[in-house]
Amino acid sequence: MAAGPMKMRAILGAGFTDVRVLMNHPMETGQRKDAEGKLVPMHFIQNLTVKVNGKTVVDAQISQAVSRNPVFSFRLKGGAKGDKIEVSWLDNHGESNSTEAAVA
Amino acid sequence: MNRLRRALVAALALTLVRPLAALAAWNKEAFGAKSPGDALKGLGIANATASNEVTIDAPQIAENGAVVPVEISSAIAGTTALIVVIEKNPFPLAARFDFKDGALPFVKVNVKMGETSDIRVLAEAGGKYYSATKEVKVTIGGCGG
Amino acid sequence: MKLLALGFIAALAAPAQAQDAAKEIQRYRQMVAEGSPAELFESEGEALWKKPQGPKNASLERCDLGEGPGVLKGAYAHLPRYFKDADRVMDLETRLLHCMVTLQGRTREEATKRVFGSADRLSEFESLSAYIAGQSRGAKIEPGTAHPKEKAAYELGRALYFQRVGAWDFSCASCHGDEHKRIRMQELPVLQKPEAARPVIASWPAYRVSTSQFITLQWRMNDCYRQMRTPEPTFGSETTVALIHFLTVTARGETYGGPGNKR
Amino acid sequence: MSRLALLLVLVALPALGDPTPQDVQQVMQRDFHPRGQVGMDRVVQDGVQRVCTETRDRPPPELAKALEADQMKTVVYPQGSLIGDWKRGEAIAQSGRGLTWNDKPGEPAGGSCYNCHELSPRELSHGTIGPSLRGFGKARGAAPEVQRYVYGKIYNAKAYNLCSQMPRLGASGTLTPEQIKDLVALLLDPGSPVNQ
């Protein structure tokens, strides 16, 4: 599967900004068998980065234990309407994707 | 997707992703560890102090191990990382989040659990580690047919 | 937690334990619902809606879902309804199939080859449903009830709901007929009652976390009958539409909030 | 109390002009198709299903009694003890497979027991459509007549309560006599977790 769609929402709260990001990814553990009984090879996101106006604020390493079609929520200090949030990921096959949203 | 776009995406992946990869290497040793102890060793963590300022919000019972929602946070001043270990998973280390200035030590994520297990969350602050655990029971849902 | 452990030993603690378990599962579902990736599928459906396909190389953009050709806003919330051009009551999926045949020139057989998809690849009906249902968020659920065929569909749907059938003698009401019952940990809404049907219908179609699939009401009817040990109901048949119509009419007045999230 | 009963009957009566079970059956014969091991015979109602549909599961007592007696005739009791192996019984109670269009015909089915009943206290994920069976044997013992009752009830629940929601697990060919004996053991064997 190629890098699927991502969706993000960044909403200003009282003194913080909530960022919720959805990504389409199989997150295969390497232990699941397909319909023919063959093991599906490991395929999962390993790195995830959250940037605010170009500056990295969260740097994550994750494993195949994160559920399929991952959903992450992060909380940023302060923030202002219009701040540019960018989230990108890289998986163990070298595939990657990223998405951007302005704080609303 | 047409060929040109695919080629462009591939080129972009090469140029843009490299610095990302260099920036946040994936800790193969820790993530490949098959016991919680080895996973922590892989992260260079020798010991951690139990703390009720590290919080794990997760259901006591999950109807499906494929999706267990967990919300983790730390109230310890100067927290720079949160680490999630699912003790009984084949590869216990699930995630490590490093927070730079600008982010609060808070994450909500869905994880997979192979069976009923303790979830352990460690917070790093000032080079020290603090931890909390919570048991989640994994049950069967639906008609099972 | 300790209470739970004690429950295993002391039989007297059983009711408390059961209550705790039910409460915790409730919380589990709520947390799962808050982290739904359902929205991911809407953009996929939008692309498919606009994509020319079939012998006529036409998109579905001129498809009339009841509000006029190409009008999507609120269309899902007003289905199922009677369509004059087909002279029958149709739900969203049945109507989409009709448009695939009439606008795109596809055969019924080809268009229904893969009506239910997988976690890796949604079916056309699933991604289109995600997109189109999303265009009704905030709209009031008001399926058609005025036309005689709409009335007949409702009555047939209700009769089907109570029909005991199949190798295990089930009707829909065998599981969804009494208050506060569960299958395993799943609480069963009594769907012939408006207060129970409303929140359920308002969140279909939905992302199902246990299988990572996007599921529709046609799928729900199909898989309930599978578990009732009957033969397979045909996709878009009067039976499936009548049941969906009965449930949706029972839920009318509720504000549509989907696509939702299921266990 | 009697007024409540009357009210229930009134509520349960289908309105005039509603499709009858026969009408519905005709619609189903048109709208369903065979798949896998499941043929179209399964949308044809038998007498029990028809009466229960018509009366919304509240059949007149005399009719119920007569039809229950008919159903009792379907129960075939094996020779000797009816107590099998509770460990196998537990696995059968857990499994929800069998008789659907995507189950393979030769493969052993389950009883789907936990879908509706509480049995072993170790299994938290149990349904509540049927009564809790926890401690069932502890309260009743395992005398031959208790064994016969449990075996018969699993084999054909409709012989005891005509419009019960419980499938006729033996009469429908879902479970084999051996499997039903294993379930009897799960309920009655003092060593079974159900009786702990």
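Read-outs: derived from the displayed coordinates by stated rules, not from any lab. Keep in mind it's a predicted model, so treat the numbers as computed, not measured. As a convention, Cβ positions derive from the backbone with ideal geometry for all residues, glycine included, and neighbour counts pool all protein chains shown.
Numbers below:
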item	result
Dimensionless Rg ratio for chain D, taking C-alpha atoms and the 2.2 N^0.38 Å reference	1.13
Within-10-Å neighbourhood charge of residue A:99 [Cβ basis; K, R +1; D, E -1]	-1
Degrees, to the nearest 10: C:14-34 long Cα axis against longest axis of chain C	30 degrees
Crossing angle, helix D:144-155 versus chain D [Cα axis fit, 0-90 degrees, rounded to tens]	40 degrees
Projected-area average for the range A:56-104 over all orientations - Cα convex hull basis, square nanometres	4.2 nm²
Backbone HN-Hα couplings from phi across the range B:36-44 [Karplus 6.51/-1.76/1.60, Hz, Gly and Pro as x]	x, x, 5, 4, 5, 4, x, 8, x
Cα pair distances of the protein assembly as shown binned at 20 Å [whole percent]	16, 45, 33, 7, 0
Sites residue C:84 and residue A:104 - FRET efficiency at Förster radius 41 Å, r taken between beta-carbons, to 0.05	0.45
Highest-fluctuation residue, C:113, C:151, C:51 considered, GNM on chain C with Cα pairs under 10 Å	C:113
FRET efficiency, residue C:193 to residue C:223 (Cβ-Cβ, R0 22 Å, nearest 0.05)	0.50
Computed [θ] at 222 nm, helices only, for the protein assembly as shown once each DSSP H run of length n ≥ 4 contributes -39500 (n - 2.57)	-10000 deg cm²/dmol
DSSP-assigned coil residues among GluC sites (Glu not before Pro) in the range C:157-263, each with at most 12 further Cβ atoms within 10 Å	C:179
Sorted largest first, extent of the range B:90-145 alpha carbons per principal axis (Å)	50, 21, 18
Förster-model FRET efficiency, 56 Å R0, residue C:113 and residue D:58, C-beta, rounded to 0.05	0.80
Chain C: angle of helix C:92-102 to the longest principal axis, Cα-based, in degrees nearest 10	20 degrees
³J(HN,Hα), Karplus 6.51/-1.76/1.60, whole Hz, each residue of the range C:164-173, x for Gly, Pro	8, 7, x, 5, 10, 6, 7, 10, 4, 6
With eigenvalues of the C-alpha gyration tensor scaled by 5 and rooted, chain A, Å	30, 12, 11
Label-point gap, in nm, between residue D:145 and residue A:73 - each point 7 angstrom along Cα→Cβ	6.0 nm
Spin-label model distance (nm) - residue B:57 vs residue D:176, 7 Å beyond Cα toward Cβ	5.2 nm
